[in-house]
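The values are calculated or read from the model by the stated rules, or taken from the named source; none is laboratory data. Computed from a prediction, not measured in an experiment: that's the story for all the values here. When we count neighbours, we look across all protein chains shown, and the Cβ atoms used for this are built from the backbone with ideal geometry, even at glycine. Quick note on the areas: whole protein, heavy atoms, side chains included, nothing else; ligands and nucleic acids left out. Shrake-Rupley method; radii C 1.70, N 1.55, O 1.52, S 1.80 Å.
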Amino acid sequence: MTVADVRDYSLAGVDSRFATERGLVEAEWFRPPIDPERLRELQVRSNARAARDVLAWFGLIGLFGYLAWAALGTWWAFGAFFVYGALYGGVADSRWHECGHGTAFASKRLNDIVYYIASFMLLRQPTLWRWSHVRHHTDTIIVGRDPEIGFPRPSSLSKVLGVYLPVLILPKAVWRTLQHAVGRIDADARDFIPEDELPKLKWESRVYIAVLAGVAVWCVAVGSIVPALFIGLPTFYGAWLVVFFGILQHAGLREDVLDHRYNTRTVYMNPVFRFLYNNMNYHVEHHIFPTVPYYALPALHQEVKGFLAPADRSTFSAYRRVFATLRCQWRNPGYDEPRPDIPEAEGMGRSFVDTGFVTWAGECHDGLVDLGAAETLAPGSVRRVDHGKDTYALYRLDGDAAENPAGVFVLSDGLCTHGKAHLAEGAVLDCVVECPKHNGCFDLLTGEALRAPAKEPLTLYDVKVHNGRVVSRLTPRS
Ligand code: FES
């Protein structure tokens, strides 16, 4: 191994600069084609489905918590706490993840409630990890940019095994929480969190510390560690399950490549694992289409699998492959897991949805620009329309004009105000458009940014239907 093999994984180091110079930052990524109508079906959210899964999870936590309490003082308690911890400190990860994307429930509020609960169970500050995950999706496994690279190279046996011992890792998270509670925000966090969001870290950290201090006082008061075994410590002794699933996502795969098929893994898993992991075994699909909720990922996989690397046949076979790769990387940090079966991307382009790209029919009389025939845009859908160098998104909302004061058709800027993704490739959910890149949301009646990471409002334009054509002066609505 040479000095050149040692990479700088910090977010303000030399590899961060290299990533920028090489055009790897906030770049366009490969996306396979999919029928836009089918994608729209797959993006539908269900409160009932998500509630069923969350209640089942809470129910299991309650059941095994009760069994652990009932078995206190016996050997059975070890088994009950083992499962309780895995449900609390392990399964919480996939619930945290899906609700963080805002795709589990149709309701933003329900997503947020579960997100905050799961964040506490994992001792992850909600704001810090929301923005960390945004960066992970923007620059997946780009060295110097992605804060969530689990296996920096060079790897080693002790490092890999160390990942399975959260007791070695979580104290760092606790220390970071303490630092943030007193306003000492580290450089990595400052790199991906907007300045105006930083104060939240302080208060979130303080709430966590207050709750954990309360549990500690409770332990002292009753002269027993038992309260902490139920609240707080499960984050440590149950975190092995986070690693058990998480290691299969990206470990050993290629760094610095703008194609999730090379740096992300899809693995077929049994139904129990898929429940515990919220279908995140379809990880390539999730990264490419983050607007698709977890319960639609198996169907999405069927739609696009022909463009992806073949999925690993089982958890066991994926593990064998991951450890074989990591073993090679102990000696040769530049080694990548071979992925010879990925279909050639040549000619597929980078835009994944046939958004119905429109070339202008030209200006009509009275300065109105023709955006195309109204009947060609289905209710609940969106189309990209370009005019010169400008790009717009034209939506046809569900419902009739009486219910929708802005009219059935809405025209907005084509690019998300956060990261310049084409909104025409996102999801239209009632009167909201969700960005395809980081799930930021905008109100299509007002342009207001409803969900981070989108913060700046979206510009809306006048639009109407005239003689069966959608037309606009392209003047911003006041
Ligand atoms: S590009 Fe990040 S929310 Fe749209």
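Tabulated values for the structure
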{"quantity": "Filtered residues of segment 181-224 (kept if of a type outside the set (A, V, I, L, M) and in contact with a Lys or Arg (Cβ under 6 Å, 6 or more places away or on another chain))", "calculated": "GLY183, PHE192"}
{"quantity": "Lone unmet requirement of (1) away from the ligand (no atom under 14 Å from the Cβ); (2) closer than 30 Å to LEU198 by Cα; (3) under 25 Å from the mean Cα position of the chain (by Cα) for THR459", "calculated": "(3)"}
{"quantity": "Breaking point among (1) of a type in the set (Lys, Arg); (2) within 16 Å of the ligand (Cβ to nearest atom); (3) surrounded by fewer than 24 Cβ atoms within 10 Å (Cβ to Cβ), for ARG145", "calculated": "(3)"}
{"quantity": "Boolean, TRP175 is part of a helix (DSSP H, G or I), aromatic (Phe, Trp, Tyr) and at pLDDT below 95", "calculated": "yes"}
{"quantity": "Tally of residues being at negative phi, surrounded by 24 or more Cβ atoms within 10 Å (Cβ to Cβ) and touching a Lys or Arg at 6+ places or on another chain (Cβ under 8 Å) across segment 268-287", "calculated": "2"}
{"quantity": "In segment 419-456, the residues that are within 10 Å of the ligand (Cβ to nearest atom), open to solvent by 20 Å² or more (accessible area, probe 1.4 Å), farther than 15 Å from GLU28 by Cβ and not charged (D, E, K, R)", "calculated": "ALA449, ALA452"}
{"quantity": "Residues located in segment 227-237, provided they are touching a Leu at 6+ places or on another chain (Cβ under 7 Å) and either free of Cβ contacts under 8 Å to residues at least 12 places away in the same chain or not hydroxyl-bearing (Ser, Thr, Tyr) (or both)", "calculated": "GLY232, PHE236"}
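Each row is one residue, and each column tells you yes or no for (1) assigned by TED's automatic domain parsing to the domain that holds LEU128; (2) farther than 25 Å from ARG135 by Cβ; (3) in a loop (DSSP other than H, G, I, E, B).
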position	(1), (2), (3)
ALA378	no, yes, yes
VAL385	no, yes, no
LYS420	no, no, yes
VAL428	no, yes, no
VAL433	no, no, no
LYS437	no, no, yes
THR446	no, yes, yes
PRO457	no, no, yes
SER478	no, yes, yes
